[in-house]
Amino acid sequence: MVMSPMRKLVATALLAGSALALVSCDKPPEAANDKKSAVPQGPKLGIRPAGDTEAKIDMSAAKSPDLKKIFSYIDENIDSHVYNLQKWIQQPSISNTGEGIPESAEMVKGFFDQLGCQKTQVYDVGKTEFGQQGNPVVYAHCDEGAEKTLVVYWMYDTMPVTQPDLWKAPPFEGRLVEQAPYKKVLIGRGAVNSKGPQMAMWNALMSIKAVTGKLPVNLIFVAEGDEERMSIGYRKFIREHPELVKDGDAMYTFGGQSPAGGAFVLSGSEGCVFVELTTSGKKWGRGPNYSDIHGGFKRSVDAPAWRHIKMLSTLTDETGNRVMIDGFYDNMEPLSKRNEAVLKGAAKGYDLKKASENLGVERFISDDPYEVLKMSGYGTSINIDGIWGGNMFPGGSGAILPNKITSKHNFRYIPNMNGMDIVKKLRRHLDKHGFSDVEINVVGDVPWAKRSTDTEIGRALMAAYDAFGIPHAPINPEESIMGGYWPAYLFSGDTMNIPIAGGMAGLGGNAHAANEYYVIEGAGKVYGMAGAEKSVAMVLYNFAGKNGPIPGSRPAKPK
């Protein structure tokens, strides 16, 4: 997950064009007949809404007559909906470098304006506690006069493109390509993380309004531009403006299926603290002390780079899989019997060979499916995310003795570990091994969050999964993290304390990697973009109590 000083926002009038460039065929019925308000359709892409998906929606579960109309509307307008995603992909939004961040914030605000939210605003969050300027947060409040209100978590930033030569299509084009077993996927940076599922959500909301004129629930959007920078701006915004989200009954966010077609309910979050370690000749008192020098001088001058590598070698055992920092594993809460049973159940049908192929790795650390799932959902680690200094140009030569080497690391941690406590232990470890000169810069910390899926929003999502024939774990009344990190902690007792659920139909892959993609036409047990949009609509109607009774949920009452 992932820097540069914030650029000033460009003129709103200039950027409004980017937001309004999306095809807004999703107009309320009364607007559809108004020639003055009509917006031209996007290009004909020939998208098959059902693709080659073998899974079928149980339409008897769509008890609301609105849902049947909404589903038909989505199918009829799927070309325009895919075009909307292409337009968003074509706007870079790289939080590491700042490229496109101001423009993207205004574009997202435009989405919420088009949705008809009464309040939309781009907030400059200012300097964060970690010393860096936070990227803008986009806020919107859509009051539909409904009984229930959902806070919706979004992120508009993406990772940078680190290996452009490996992409089968330009990362900011949004090209549709065939990728077995799917006839159409969209290739682009941010396609799955997270513009694809979020655009599916937005298309669904616009479709609901086009068919019915209003949404079944009130929505509070908070879209961050710092998710790939440890959500440093989002953290500051939520803590400083709790009044803007206080009306939320629950939080809903995006998600997706696995390649096998199953899905889980995102609720809690693991912890992650991100640091940079720097070894320099100046701090060390040996080697180049101001700038890089000619590499030929290595014959008579010490090298900070070699010292840095020696330092890194003390952090783990020879496999790189066990952290050797004293006290790192203290305070770890064991996996509960219930969650252990859930993982063992999931492991029975887990094909490690296929999973490694889908991920693009030679193999996993373990050959035991249960251990792999446990590591993935409830594991700890330290990673080397990058290392730089000196001659960074591929090929050729160029003798350089760097004066400074920096490496970037993320520590994944679980209850009841603490990110800043890990940083203190890291400092003690470096000092103990004679590396007191190595500097630690804390990029950010996202604490873990434990949530239960036995909630109204959790049940609303699982009922939609059932209707779509998507396998999932049973409702879990026990609080758990079980998943990757995201800033769920802010709504799990830090600032707010509300139920959380994330998930929908649809699939993407290669997040943070080359050829990131989002499935447009599904296949087998995996739904495409149209299915993803329909699942969002059903989740909202389920949560609102407008799609028949969901066990354990209270019925909606008009205000």
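The values are calculated or read from the model by the stated rules, or taken from the named source; none is laboratory data. Keep in mind that what you see is a predicted model, and the values were worked out from it rather than measured. Here the Cβ is made from the backbone with ideal geometry for all residues, glycine too, and neighbour counts use every protein chain on show. When the accessible area is computed, the model is the full protein with side chains, heavy atoms only, and any ligands, DNA or RNA have been set aside. Shrake-Rupley method; radii C 1.70, N 1.55, O 1.52, S 1.80 Å.
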Taking VAL177 as the residue in question, decide whether it is among the aliphatic types (A, V, I, L, M) and in a loop (DSSP other than H, G, I, E, B). no
Within region 211-229, residues assigned to a helix (DSSP H, G or I) and either open to solvent by less than 10 Å² (accessible area, probe 1.4 Å) or of a type in the set (Asp, Glu) (or both) come out as GLU227, GLU228, ARG229
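For (1) surrounded by fewer than 18 Cβ atoms within 10 Å (Cβ to Cβ); (2) at pLDDT below 95; (3) within 30 Å of GLN86 (Cα to Cα), each residue gets a yes or a no:
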residue	(1), (2), (3)
THR455	no, no, no
ILE475	yes, yes, no
GLU478	yes, yes, no
THR495	yes, no, no
ALA505	no, no, yes
ALA511	yes, no, yes
TYR517	no, no, yes
ILE520	no, no, yes
Please determine, by comparing only the residues of region 138-174 that are among the acidic types (Asp, Glu) and farther than 23 Å from TYR485 by Cβ, which one is nearest to the chain's Cα centre (by Cα). GLU173
Examine region 159-166 for a residue that is closer than 22 Å to GLN114 by Cα and either at pLDDT 95 or above or of a type outside the set (Val, Ile, Thr) (or both), and state whether such a residue exists. no
For LEU373, indicate whether it is under 26 Å from HIS512 (Cα atoms), out of contact with any Ser or Thr (no Cβ under 6 Å at 6 or more places or on another chain) and surrounded by fewer than 16 Cβ atoms within 10 Å (Cβ to Cβ). no
Could you tell me which residue of region 238-273 is modelled with the highest pLDDT, considering only residues that are open to solvent by 10 Å² or more (accessible area, probe 1.4 Å) and of a type in the set (Phe, Trp, Tyr)? PHE254
Among the listed residues LYS344, LYS348, which satisfies the condition of being out of contact with any Asp or Glu (no Cβ under 8 Å at 6 or more places or on another chain) and over 26 Å from MET417 (Cβ atoms)? LYS348
Quick one: what pairs do we get from region 342-356, first residue over 15 Å from SER480 (Cβ atoms), second among the aromatic types (Phe, Trp, Tyr), C-beta under 7 Å, 6+ apart or different chains? ALA347/TYR370; LEU352/PHE364; SER356/PHE364
Enumerated helices (runs of 4 or more DSSP H) restricted to region 230-316, each holding at least 2 residues that are under 22 Å from the mean Cα position of the chain (by Cα): 232-240
Taking region 180-209 and keeping residues open to solvent by 20 Å² or more (accessible area, probe 1.4 Å), under 27 Å from GLY484 (Cβ atoms) and part of a helix (DSSP H, G or I) leaves VAL192, ASN193
Please go through region 145-173 and give me each residue that is open to solvent by 20 Å² or more (accessible area, probe 1.4 Å) and within 26 Å of PRO499 (Cβ to Cβ), ordered by number. GLY145, GLU147
